[in-house]
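Following: one structure in structure tokens, then a few remarks.
The values are calculated or read from the model by the stated rules, or taken from the named source; none is laboratory data. Because the structure is predicted, anything quoted here is derived from the model rather than measured. Virtual Cβ from ideal backbone geometry, glycine too; neighbours counted across all protein chains shown. Ligands, DNA and RNA are excluded from the accessible area calculation, which covers all protein heavy atoms including side chains. Shrake-Rupley method; radii C 1.70, N 1.55, O 1.52, S 1.80 Å.
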Amino acid sequence: MKTYLRMLTLLQGMYGKLIVKIILGLLITVTYVGQAFAVAVSLKSIFLAQGLENLPYLLAFIAAMVLLRVVLLWANEVYGRKTIHVVKTRLREKLFNKMLALGPEFQSANRTGTVQSITTDGVEALEPFLIMYLPQVIVTIIGSGFLSRFIWQLDWVPGLVVLCGVLLAIAVPLISTPVTGKIILGYWRSYAALNAQYIDAMQGITTLKVFNVSKAKGKELAGKAWELYHHSMKGLTVSLLDSTIVSWASAAGIGFATAAGAVRVMGGHLELAGLFIILFLTVECFRPLQDLSRYWHQSYMGLSAAKNIFDILDQEVKINDPQETMGQNLGFGENEKYIPDIEIKNVSFAYNGGSRPALEDVSMKIEPGETVAIVGESGSGKSTLINLILRFYEPQQGEITVGGQNIRDYSLAELRGLMSVVFQDTYLFYGTVVDNLRIAKPNAGMEELIAAAKLANAHEFIKDLKDGYDTVIGERGIKLSGGQRQRLAIARAVLKDAPILILDEATSNVDAESEQKIQEALDRLTQTKTTIIIAHRLSTIKNAQRIFVFDNRRLVEHGRHHELVSAKGTYFRLVQAQQA
């Protein structure tokens, strides 16, 4: 029940539109009732051999009710679609912003396919509940309630029969809700799991082919599909049982009410005209209930998806984004050449608040305009430090300052606006070269794009592409080589022109020729910035002004290349290992 009530909050700001939808539903019910009255009066005139002079007017009224109902049904459908489109768009935006606020920690804890199912199919599944079921609840209460009372006033015996049928039709779905909810929740989870497995298989199709395990993955997907099938059949069984009972209650209510009315006519307690009215109004009394039952079953998927949606919306955002910014206080808002320092003070951090730290008591300072390198074995904490500087995570102890101010005092947009990052695993979006470059600067003109590409040694290969800068490069830039993707990422960093540059293994996955071109571009790019370079290839960081060496999650030494080699410590062993 808590979930159902909370789903009403998704319509916040749209309650007026919901009321209009209810009014349209009531007007549709009125057309059915008006038609039923007119038919009853017509039959009364025919069977009782009364004057038929009013029959043409009654037939015209019936035709008008039918025509009006067609118009109202069209308006109800169109208005509902427009309303729910706004609701779904707003909810997807809210979900997306929440996932952005949760950051990489959320991404690492959830499969892409599962999240995709929630944000697309899950939100879509809310439509029947929000725009059909909820208004129909009010329409049913008013419409069926009014008609039940009217029939009771005509004669209490058929009125009692109708009331019992109405209560039974309402009670059955409510009683079965806990069982149905569990089954549909299992169905939704199976659906999300299948979707996640499918996306995983499509993204890794090359690997599956290379290792000749396509059939094995196909069997795994088939297993997930059969699991979804079994949950679907369970849900369908319960749904059909519900629908059957509701349909039986409606049919029984109509039949028994008519029979009871006939008995009352025979006993002289009810006029024949009243029986005609009871006959047709009983049908219209159960019509809203049947619609309500149908919408209820259509809403099952949305109710299950809502739990997953609220789970995301309820997650705590651990990275606080302050409203006030520090930029103007520091002066870089007016000074395009502002280059800040970076200081890490006694920082310790463990992922997910675990007991095993990823960094322990790290302290270091990077001067304005200085180029430093961070080296160490895998798992020593290098990338973790970058994640903390970017505020993807918060340290459990210590603080990080940029320009003398704690990074928690910056807005996230302002802090990350100070930084350009080139990651080892470059992510390029589906679209053209221009689309991907303009991520760094949306309003950049072609001259700026070409200049940035030239500085990144990317212009030559871009102009040789089929459509040059307008070439569609595919998902994740699949149509480009590894070196080309890296140079495009560097061009983005050039275009952003932020005062802090972070290079996380920017040349680790490319060939020697591409590495040379990338290194030339990086040398030009780092001349006027505070630069942090993470690298396994020690040959690429010999010229750094200082090298910070990490080992076992701690900073163990720092200095220039020749100083560290002479000290014959951890760095010296790393150099020896690479030379060997």
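Provide a single number: the residues in segment 351-380 that are under 25 Å from residue 413 (Cα atoms), in contact with a strand residue (DSSP E or B) (Cβ under 8 Å, 6 or more places away or on another chain) and not in a strand (DSSP E or B).
4
State whether the residues of segment 259-278 include one that is aromatic (Phe, Trp, Tyr), part of a helix (DSSP H, G or I) and either at pLDDT 80 or above or surrounded by fewer than 16 Cβ atoms within 10 Å (Cβ to Cβ) (or both).
no
Looking at this structure, is residue 31 open to solvent by less than 70 Å² (accessible area, probe 1.4 Å), more than 29 Å from the chain's Cα centre (by Cα) and of a type in the set (Val, Ile, Thr)?
yes
Could you list, in sequence order, all residues of segment 178-215 that are part of a helix (DSSP H, G or I) and over 21 Å from residue 112 (Cα atoms)?
Within segment 178-215, 178, 179, 180, 181, 182, 183, 184, 209, 210, 215 qualify.
Give the number of residues within segment 138-179 that are in contact with a Leu (Cβ under 6 Å, 6 or more places away or on another chain) and of a type in the set (D, E, K, R).
1
Name the residue, out of 447, 414, that is touching a residue at least 12 places away in the same chain (Cβ under 8 Å) and either in a helix (DSSP H, G or I) or among the β-branched types (Val, Ile, Thr) (or both).
Matching residue, one of 447, 414: 414.
I'm told residue 53 meets every condition in (1) at pLDDT 85 or above; (2) of a type outside the set (Gly, Ala, Ser); (3) out of contact with any helix residue (DSSP H, G or I) (no Cβ under 6 Å at 6 or more places or on another chain) except one. Can you identify the failing condition by its number?
(1)
From the list 137, 161, 115, which residue is part of a helix (DSSP H, G or I), touching a Gly at 6+ places or on another chain (Cβ under 9 Å) and either closer than 14 Å to residue 87 by Cβ or not charged (D, E, K, R) (or both)?
Selected residue: 161, the only one of 137, 161, 115 that is part of a helix (DSSP H, G or I), touching a Gly at 6+ places or on another chain (Cβ under 9 Å) and either closer than 14 Å to residue 87 by Cβ or not charged (D, E, K, R) (or both).
For segment 172-196: of the residues being within 20 Å of residue 247 (Cβ to Cβ) and either free of Cβ contacts under 8 Å to residues at least 24 places away in the same chain or among the basic types (Lys, Arg) (or both), which is most open to solvent (accessible area, probe 1.4 Å)?
Among those that are within 20 Å of residue 247 (Cβ to Cβ) and either free of Cβ contacts under 8 Å to residues at least 24 places away in the same chain or among the basic types (Lys, Arg) (or both), it is 175.
Could you list all residues from segment 43-61 that are small (Gly, Ala, Ser) and assigned to a helix (DSSP H, G or I)?
45, 60
Return a yes/no flag: does segment 508-515 have any residue that is crowded, with 17+ Cβ neighbours inside 10 Å and modelled with pLDDT of 70 or more.
no
Which of the residues spanning segment 381-411 are open to solvent by 20 Å² or more (accessible area, probe 1.4 Å), over 20 Å from residue 528 (Cα atoms) and part of a loop (DSSP other than H, G, I, E, B)?
392, 393, 394, 396
Which one is farthest from residue 379 (Cα to Cα) among residues in segment 335-350 that are open to solvent by 20 Å² or more (accessible area, probe 1.4 Å) and either of a type in the set (Lys, Arg) or at pLDDT below 90 (or both)?
Here the answer is 335.
What number goes with the only condition from (1) modelled with pLDDT of 85 or more; (2) open to solvent by 10 Å² or more (accessible area, probe 1.4 Å); (3) of a type outside the set (Lys, Arg) that residue 119 does not pass?
Failing condition for residue 119: (1).
Answer yes if at least one residue in segment 240-255 is farther than 30 Å from residue 153 by Cα and open to solvent by less than 50 Å² (accessible area, probe 1.4 Å), and no otherwise.
Among the residues of segment 240-255, at least one is farther than 30 Å from residue 153 by Cα and open to solvent by less than 50 Å² (accessible area, probe 1.4 Å), which makes the answer yes.
State all residues of segment 535-580 that are among the polar types (S, T, N, Q) and open to solvent by 30 Å² or more (accessible area, probe 1.4 Å); if no residue qualifies, say none.
The answer is 539, 543, 545, 552, 566, 576, 578, 579.
Take segment 13-42 and flag every residue that is assigned to a helix (DSSP H, G or I) and of a type in the set (Gly, Ala, Ser).
Across segment 13-42, the qualifying residues are 16, 25, 34, 36, 38, 40, 42.
Could you give every pair whose Cβ atoms fall below 8 Å, whose first residue belongs to segment 551-574 and is closer than 21 Å to residue 360 by Cα and touching a residue at least 12 places away in the same chain (Cβ under 8 Å), and whose second residue is basic (Lys, Arg) and open to solvent by 40 Å² or more (accessible area, probe 1.4 Å), counting only separations of at least 6 or pairs across chains?
558/546; 559/546
Just checking, how many residues over segment 34-60 are closer than 23 Å to residue 290 by Cβ and either among the aromatic types (Phe, Trp, Tyr) or open to solvent by 50 Å² or more (accessible area, probe 1.4 Å) (or both)?
Residues meeting the conditions: 1.
Give the residues of segment 440-481 that are in contact with a Ser or Thr (Cβ under 8 Å, 6 or more places away or on another chain), at pLDDT 85 or above and surrounded by fewer than 15 Cβ atoms within 10 Å (Cβ to Cβ), sorted by residue number.
Across segment 440-481, the qualifying residues are 467, 470, 472.
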